1. Looking for whichever is in contact with a strand residue (DSSP E or B) (Cβ under 6 Å, 6 or more places away or on another chain) and either at pLDDT 95 or above or outside the structural domain of B:Leu188 (by the TED database) (or both) here; the options are B:Tyr89, B:Tyr110. Which one fits?
2. Show the residue pairs that are 6+ apart or on different chains and have beta-carbon atoms under 7 Å apart, the first residue being within segment B:62-73 and on the phi > 0 side of the Ramachandran plot, the second being of a type outside the set (Val, Ile, Thr) and assigned to a loop (DSSP other than H, G, I, E, B).
3. Scan segment B:3-11 and give yes if some residue there is within 30 Å of B:Thr220 (Cα to Cα), part of a helix (DSSP H, G or I) and without any contact (Cβ under 8 Å) to a residue 12 or more places away in the chain, otherwise no.
4. Within the group B:Asn191, B:Asn247, which residue is touching a Pro at 6+ places or on another chain (Cβ under 8 Å), at the interface with chain A (Cβ under 10 Å from one of its Cβ atoms) and in a loop (DSSP other than H, G, I, E, B)?
5. Please go through segment B:226-242 and give me each residue that is under 19 Å from A:Gly189 (Cβ atoms) and either polar (S, T, N, Q) or without any contact (Cβ under 8 Å) to a residue 40 or more places away in the chain (or both), ordered by number.
6. Search segment B:284-308 for residues that are within 20 Å of B:Ala223 (Cβ to Cβ) and pair each with any residue that is of a type in the set (Gly, Ala, Ser) and at pLDDT 95 or above when their beta-carbon atoms are under 7 Å apart and the residues are at least 6 apart or on different chains.
7. If you check A:Phe77 against the conditions, is it within 22 Å of A:Arg307 (Cβ to Cβ) and either in the same structural domain as A:Glu25 (by TED's automatic domain parsing) or without any contact (Cβ under 8 Å) to a residue 12 or more places away in the chain (or both)?
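The values are calculated or read from the model by the stated rules, or taken from the named source; none is laboratory data. Bear in mind the structure is a predicted one, so any value in this text is a computation, not a measurement. Methodologically, a virtual Cβ is constructed for each residue, glycine included, from the backbone with ideal geometry; neighbour enumeration extends over all protein chains shown.
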Amino acid sequence: MEVDEVVCLPRLPRVAVCGGTHGNELSGVYLMRELLKMEKKETEKEEEPLSVLMVLSNPRAMLQCRRYVDTDLNRCFTHATLNGPISDAAPYEIIRSRELNAMLGPKGSPVAVDLVCDLHNTTANMGLCLIAYSDCDWICLHIFRHLQRQMPDIPMRYIHFDVSNKESYSLDSVGKHGFAMEIGPQPHGVVRSNIYTAMKVGVQNMLDWVRFFNSGTIFEGGFVDVFSMIKHIDYPRDGETRNITAAIHPQLQDRDFCQLHPEDPLFQTFSGETLRYKGNEPLYPFFINECAYYEKGIALSLARKRRVMIPAIRVQTEQEKQANKQEYPSEEEE
Amino acid sequence: MSYNNSACFNEARRVAIFGGTHGNEMSGVTLVNLWVKNSAEIQRKGVETKPFITNPKAVEKCTRYVDTDLNRAFTSENLSASGGDDQPYEVQRAQEINGIFGPKGSPEAYDVIFDLHNTTSNMGCTLILESSKDHFNLQMMNYIKKAIAPGSCLVLLNEHPLLKYSTSRSVAKHPVGLEVGPQPQGVLRSNIFEAMRVILKHALDFIELFNEGMEFPPCTVEAFRVSERIDYPRDANGNIIAMVHPNLQDCDWEPLNPGDPMFQTFDGKTIRYQGSGTVYPTFINEAAYYEKQQAFVTTRRETLVASSIRKA
């Protein structure tokens, strides 16, 4: 890739912002309610208005202030779950995932929304994270860079889960581009004003970037530090009851993204013993002590950090788009 | 000091430690499960100390409660109600607990019950007192505070005629609430867990010393007396329209003066405290209290006086 080469990408006319995918992650719930209220008052004055869909993903879970009713909605978006056979007695979230897929997708089709931003909170001390399935989606990476520059006081990281499109399971995978915006620490069932404000400003900056992009702005290239998830570590558990037998060590608690070296403390058992990290390489921990992950068998996740070069990008002009069509006519098939 | 100011109490022979009154408050759940398996740590000479999970169904689901809040369920109405399995789970459970550790108000009731709780509020270690005239409890709390120093352990007094509620621990002659935060629901933080463990150690030490005949001289105990419950600002439909202000968030026990920022609306406006004097807010932004219409409670500082006590 040449340094001066500008990559031209299709316009992003339709963006979806989703809150309440987990009903007790309240910054997103309250932010979406506010945005939905404001949407009714505002009128678009732009030449080419951006279509922003505001979605409350899991209304039943929101009403009960729970993560989910039957099953975790944010694991229901694999192709298999979206397209397989379904009965009337299917879990609520499976039915809901199909509704959302019809609204924002279908996943993998040309008519899916261009960008999905799914709002989440975590009990872990992660600051603001964009979580995506790709480390080469220039749209997502440029949005991240823009947020970093616009919000320098907020600790911000880009997390990459190396999962294929077929296996991708979360709501943000329904759009042509997508990411989760994860902000913590915030207890579930609570809204903290600083966390809410960070999310509000993050979403605003994200939408601003899309407008700039659509109007032809060139975004210069550079580099982004990407944290690629390698593995999870579960709590030590009792053989019979499966109850946890240790807590995250006090020296690890709240130290998300501080490098963890072999032999560093991981857990403290209830009898006071320190259990240490036995891996071979230093890695970066995150989602340390996320409440919802106890039942998923995850005490913390570990990532490798690498520097990714991103090219300069701008929106494709109409001519370039037509030229592209002629070269690849099969892309236009419905 | 005249001898008339000395209060005599029977030895505290039967003590219970309740965990899981709210099934997602993990320090208590974890400690009680530990001690049910191996009670060596909580043994004291001459005391029977029983660790007990009060709401096992809620613990299993890692939720605060199943049908209704167990820690509000110990009203005389509930405790004397009939209706068997038709009653809400927690009402049935309250009756069972009253049978084992009570009956509430009778001579057969347990001497002391420690009820272990966590909060999402930044309250640190807090001991909750239900009566300003319980000299035994006052002396215990004084002992714990001194033992923990320079660490902090504050005393919250809830004797308010309207805001006081019927707790699971109220079955005992001397109910003691332990509230440690901040900790998210469903999460176990090592430092919070250890802090609770240390408080209980000192509490049991006090009971052992008392039972051995030690006399505890008169003392004063700084306490925060519950004054008022403040709800979130809401719209006509009952929806919350503002959050705890960033200046107030995490400032439990710090003075809140008239005119100080209290809430911040979702579009950034500040709502200020309009009370007549300085108060000390606590339970600021406790997750479980959104549904109870409480953003925080205000308290007033008070010095309580405890008579000297010794065993009968």
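1. B:Tyr110
2. B:Cys62/B:Gly23; B:Cys62/B:Asn24; B:Cys62/B:Gly186
3. yes
4. Answer to the selection: B:Asn247.
5. Listed by number, the residues that qualify are B:Pro233, B:Arg234, B:Gly238, B:Asn239, B:Ile241, B:Ala242.
6. B:Ile284/B:Ser121; B:Glu286/B:Ser121; B:Thr298/B:Ser227; B:Thr299/B:Ser227; B:Arg300/B:Ser227; B:Glu302/B:Ala223; B:Leu304/B:Ser132; B:Leu304/B:Ala223
7. no
Let's see how each residue does on (1) within 14 Å of chain B (Cβ to nearest Cβ); (2) part of a loop (DSSP other than H, G, I, E, B); (3) surrounded by fewer than 19 Cβ atoms within 10 Å (Cβ to Cβ):
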residue: A:Val163; (1), (2), (3): no, yes, yes
residue: A:Glu167; (1), (2), (3): no, yes, yes
residue: A:Val190; (1), (2), (3): yes, yes, no
residue: A:Phe212; (1), (2), (3): no, no, yes
residue: A:Met229; (1), (2), (3): no, no, no
residue: A:Asp254; (1), (2), (3): yes, yes, yes
residue: A:Cys258; (1), (2), (3): no, yes, yes
